[in-house]
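Q: Sharing a structure here in structure tokens format.
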Amino acid sequence: MTKFLPKKTLLLAGAGHAHIGMLRRLSAARLKEADTIDADIHLISEQPQTIYSGMLPGWMAGHYQLHDISIDIKSLCVRAGVRFIQQSLVQVNAASNKVVTTGDAQTDFDYDVLSLNTGADTDMRWLYNHNDHRSDSDDRDVDVGAVNAHANTDVIAIRPLSTFITQWQRILKDAQSSEKYQLAIIGAGAAAIELVMAAQVALRNINRNHQVILICGENLLSGFNSGFRQRVIKQLDRHGITIIRERATDYRDGELLTTHKSLPINAVIAATGVIGSAWTASTDLKTEGDGFVAVNNKQQSVSHSNVFAVGDAATRVDKYVAHSGVHSVHGGAVEADNLMAYLKDSVMKSYQPKSRTLYLLSCGDKYAIGSWGNINLQGRWYGISKKYIDKRFIEADKG
Ligand SMILES: Cc1cc2nc3c(=O)[nH]c(=O)nc-3n(C[C@H](O)[C@H](O)[C@H](O)COP(=O)(O)OP(=O)(O)OC[C@H]3O[C@@H](n4cnc5c(N)ncnc54)[C@H](O)[C@@H]3O)c2cc1C
């Protein structure tokens, strides 16, 4: 007599780049009636839509409408045959194969296999206790969850993007009724640079007196080569953006403090790197660095083999892989294969990131700078290429 075993439960937490790719594959496989993951699949997401970060600066600069940069996760789940649960993940108890979520009510979900793609939080530790002149590396001793929970709420964090969207709309409204609006963006990475140029274009379109200031410390674009940095500095100069190479330390009552300055500023946006999501503060999963789930080259948790993590939520223990959308997409494709393999008890693959990835940095006005290894290029053509690549990603399931 044939014995039917109950279907396993695969729980997907977060609707990041990797899970979007997985939902698209499941949806395409369903259409073709092809072999797919043999499990009951559920996806937990805070929002029914996900904002695509690559196009966010373009939206700020006025090149896109909000619907152009949003992906409808709920509809994608329907097409993929996945149950959509609008909740926020707050805890993972890996020893008991359970997650806890909040939404309308606090709920527990059991799983056989868990995949985590919840991204990361903005690192707000620069707001905390810098008056004692500690070094950057000392910051790691600070309790990440506690600091972000108590971070000064006057500062607008770039993540979560869904909250940032509303705050940016408020900034534009305030700027429309102001004679001279001053916005500071704190950060030294590519995201901060894109934001600062997009913001300057948007604010100057409202009033030529408005000004955006970049507060970037001493290490502007430290992950890029000097040729790329020089091109970026020229573009910041072309837009008339003020660069302050000091650390921001606090922002209260309209006053931004840096190492040596006190500036009157209407609003401050922090794009100050990433730390692990709040839920990682109380999990039994092994985490590393600033609260990222420690995974092997198969994107599998090193402490619990039925848990996988990908994108900004994860950190590889065997090699450095930058937190970026590109690695979430490519690592996610490998992870999706591995989830299927794990459920079938077959061999898993390893994710081998390419040694060079193309980075196209948008300059606010349809102009972009490209970097591929040591090769740097710039111009409107790269802006067009970025638009094409971004639209291809966002419109992949729009038929
Ligand atoms: C302005 C800007 C521009 C960028 N441009 C680029 C670029 O051009 N190229 C590039 O490679 N990278 C870029 N990045 C970096 C990139 O955004 C991230 O590395 C990437 O989004 C990480 O993808 P992810 O799949 O890990 O998670 P995310 O894309 O961050 O998605 C995480 C998802 O999980 C959801 N979520 C979060 N917490 C919970 C929870 N507790 N419960 C349930 N759901 C949750 C979120 O709502 C979100 O939908 C940019 C970043 C910014 C800020």
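The values are calculated or read from the model by the stated rules, or taken from the named source; none is laboratory data. Just so it is clear, the model here is predicted, and its values are computed rather than measured. Glycine gets a Cβ as well: all are built from the backbone with ideal geometry, and neighbour counts include every protein chain shown. Note: accessible area is taken over every heavy atom of the protein model, side chains too, but ligands, DNA and RNA are not part of it. Shrake-Rupley method; radii C 1.70, N 1.55, O 1.52, S 1.80 Å.
Q: Hey, could you check segment 66-97 for residues that are over 20 Å from the mean Cα position of the chain (by Cα) and open to solvent by 60 Å² or more (accessible area, probe 1.4 Å) and say which is nearest to Arg24 (Cα to Cα)?
A: In this case the residue turns out to be Arg79.
Q: Find the strands (runs of 3 or more DSSP E) located wholly in segment 245-320 whose residues include 1 or more that are closer than 14 Å to Leu116 by Cβ, and list them. Before the answer, list the steps.
A: Details: elements: 248-252, 255-258, 262-264, 267-270, 292-295, 307-309, 314-316.
Strands (runs of 3 or more DSSP E) meeting the threshold: 292-295, 307-309, 314-316.
Q: Out of segment 366-399, which residues are part of a loop (DSSP other than H, G, I, E, B) and open to solvent by less than 60 Å² (accessible area, probe 1.4 Å)?
A: Tyr367, Gly373, Asp397
Q: Across segment 319-347, what is the number of residues that are within 24 Å of Ala15 (Cβ to Cβ) and out of contact with any strand residue (DSSP E or B) (no Cβ under 7 Å at 6 or more places or on another chain)?
A: Looking only at that region, the number is 17.
Q: Quick check on this structure: which one of Ala322, Ala278, Ala271 is in contact with a Leu (Cβ under 6 Å, 6 or more places away or on another chain) and within 12 Å of the ligand (Cβ to nearest atom)?
A: Just one listed residue meets the conditions, Ala271.
Q: Among the listed residues Asp110, Asp132, which satisfies the condition of being exposed (fewer than 14 other Cβ atoms within 10 Å of the Cβ), among the charged types (D, E, K, R), away from the ligand (no atom under 12 Å from the Cβ) and at pLDDT below 95?
A: Result: Asp132 is the single residue among Asp110, Asp132 that is exposed (fewer than 14 other Cβ atoms within 10 Å of the Cβ), among the charged types (D, E, K, R), away from the ligand (no atom under 12 Å from the Cβ) and at pLDDT below 95.
Q: Give me the pairs, please: first residue somewhere in segment 198-221 and free of Cβ contacts under 8 Å to residues at least 60 places away in the same chain, second residue anywhere and buried (at least 23 other Cβ atoms within 10 Å of the Cβ) and of a type in the set (S, T, N, Q), beta-carbon distance under 8 Å, and either six or more positions apart or on two chains.
A: These pairs meet every condition: Gln211/Gln200; Val212/Gln200.
Q: Going through segment 334-352 one residue at a time, which ones are crowded, with 18+ Cβ neighbours inside 10 Å and either under 22 Å from the mean Cα position of the chain (by Cα) or within 11 Å of the ligand (Cβ to nearest atom) (or both)?
A: Result: Val334, Glu335, Ala336, Tyr351.
Q: All but one of (1) of a type outside the set (D, E, K, R); (2) out of contact with any helix residue (DSSP H, G or I) (no Cβ under 8 Å at 6 or more places or on another chain); (3) modelled with pLDDT under 95; (4) within 16 Å of the ligand (Cβ to nearest atom) hold for Gln47, so report the exception by its number.
A: (2)
Q: Let me ask something else. Can you pull out the residues in segment 110-120 that are assigned to a strand (DSSP E or B) and closer than 25 Å to Ala333 by Cβ?
A: Residues satisfying the conditions are Val113, Leu114, Ser115, Leu116.
Q: Within the group Ser226, Ser282, which residue is surrounded by fewer than 17 Cβ atoms within 10 Å (Cβ to Cβ), farther than 30 Å from Val90 by Cβ and not charged (D, E, K, R)?
A: Of Ser226, Ser282, the one residue that is surrounded by fewer than 17 Cβ atoms within 10 Å (Cβ to Cβ), farther than 30 Å from Val90 by Cβ and not charged (D, E, K, R) is Ser226.
Q: Right, another one. I want to confirm something. Restricting to segment 353-362 and keeping residues that are assigned to a strand (DSSP E or B) and crowded, with 16+ Cβ neighbours inside 10 Å, which single residue is modelled with the lowest pLDDT? Don't jump to the end; show me each part of the working.
A: Just the residues of segment 353-362 that are assigned to a strand (DSSP E or B), to begin with: 358-362.
Of the ones still in play, those that are also crowded, with 16+ Cβ neighbours inside 10 Å are 359-362.
Values: Tyr359: 86, Leu360: 91, Leu361: 93, Ser362: 93.
Ranking the qualifying residues of segment 353-362, first place goes to Tyr359.
Q: Do you know which residues across segment 164-200 are within 19 Å of the chain's Cα centre (by Cα), under 12 Å from Ile269 (Cα atoms) and polar (S, T, N, Q)?
A: Within segment 164-200, Gln167 is the sole residue that qualifies.
Q: Can you name the number of the only condition in (1) surrounded by 20 or more Cβ atoms within 10 Å (Cβ to Cβ); (2) without any contact (Cβ under 8 Å) to a residue 24 or more places away in the chain that Gly331 fails?
A: Among (1) surrounded by 20 or more Cβ atoms within 10 Å (Cβ to Cβ); (2) without any contact (Cβ under 8 Å) to a residue 24 or more places away in the chain, Gly331 violates only (2).
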